[in-house]
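Structure, as structure tokens:
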Amino acid sequence: MPLDPILVAVPADVREFENYRWHATPDTYLKALTRVAGAIPVIVPALADEFDVAALLSRVDGLMMTGSASNIHPDRYGMEPSTAHEPYDPARDRLTEALIHGAIEIGLPLLCICRGHQELNVALGGTLATEIQEGEGRMDHRAIKHDEQRERFAVRHPVAVAPGGVLAGIVGDDEIRVNSLHRQAIDRLAPGLAVEAEAEDGTIEAVSVEGAKGFALGVQWHPEYWAESDAASAAIFHAFAAACRAYASARAESPRG
């Protein structure tokens with residue numbers, strides 16, 4: 001018997017194209033949700049000032065924060081803007097901060113990927129470092145220059161999974177290999193976040209929300225790209241889907257459901 005579909009909210013990026021302003025989400029995230037998690041994605045426009053975010057969150061079963069070519073505006077974590085921090089998407093910043101706080105408050109399952117991982121840290125009071133590849137002893141986590149997306153998103157480096165943590169409960173305690181396409185990373189870890197994995201150079205690659213009411217995980221890499229073929233990537237999406245279904249079931253059984 002097929003599982004009942006779950007609804008997962010996905011924040012949109014804002015893009016200017018063909019004289020229109022578009023609210024859009026990359027295809028790879030949506031396909032990982034539909035094909036691996038068995039979810040129906042609900043793209044949320046970056047118009048947080050024009051609708052009730054809490055009302056939206058009350059009608060979905062999960063929230064997934066995607067990666068993006070844009071970066072969080074440094075004003076949001078107390079840094080001076082520079083060209084190294086660009087490009088920006090302030091409309092997405094406003095939306096995702098509201099979504100993250102709202103999801104954590106009600107225990108809505110939350111999966112944060114790449115920019116989403118950084119958004120989680122900033123929303124809870126942490127900071128980011130930019131151009132991390134220029135730091136002494138740091139790896140170059142940026143995408144390679146290649147015409148083929150499969151090469152750009154290829155699995156390239158290992159991360160050490162924290163034993164006994166949330167991520168370890170999903171992928172095991174062993175080292176896993178991941179794909180990184182970023183030049184910013186967590187600098188000061190936000191209060192209330194636990195480190196779930198680190199790269200060889202000390203880059204924080206995964207976090208969880210301590211004491212969260214529900215599933216709340218952030219990863220700096222891109223499990224969505226290989227979710228149909230890579231075991232660890234698939235496991236993350238399966239765990240998120242299971243949490244969403246449990247949340248939906250509990251809500252349906254509650255007096256208010």
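The values are calculated or read from the model by the stated rules, or taken from the named source; none is laboratory data. These numbers were taken from a predicted model, which means no experiment stands behind them. When we count neighbours, we look across all protein chains shown, and the Cβ atoms used for this are built from the backbone with ideal geometry, even at glycine. What goes into the accessible areas is simple: the full protein's heavy atoms, side chains included, and nothing from ligands, DNA or RNA. Shrake-Rupley method; radii C 1.70, N 1.55, O 1.52, S 1.80 Å.
Of the peptides 171-177, 202-208, the ranking by mean beta-carbon count within 10 Å, highest at the top, reads 202-208, 171-177. Multiplying the residue separation of Ile43 and Ala242 by 0.36 nm and removing their Cα-Cα distance gives an extension gain of 69.6 nm. Taking all protein chains into account, the per residue accessible area for the chain stands at 48 Å² (1.4 Å probe).
The simple spin-label model puts a point 7 Å past each Cα toward its Cβ; for Met79 and Arg21 those points are separated by 2.6 nm. Split the accessible area of the chain by element, probe 1.4 Å, and carbon with sulfur accounts for 51%. With a 1.4 Å probe rolled over the protein heavy atoms of all chains, the accessible area of Tyr29, Tyr88 falls in the order Tyr88, Tyr29, largest first. Taking the DSSP bridge list for the chain and keeping only pairs wholly inside it, about 60 percent are antiparallel. Ranking of Met139, Met79, Met64 by solvent-accessible surface, largest first: Met79, Met139, Met64 (1.4 Å probe, protein heavy atoms only, all chains present).
Altogether, the Stokes-Einstein calculation at 37 °C and 0.692 mPa s, with the Kirkwood radius of the stretch 7-253 over Cα pairs as Rh, returns a diffusion coefficient of 182 µm²/s.
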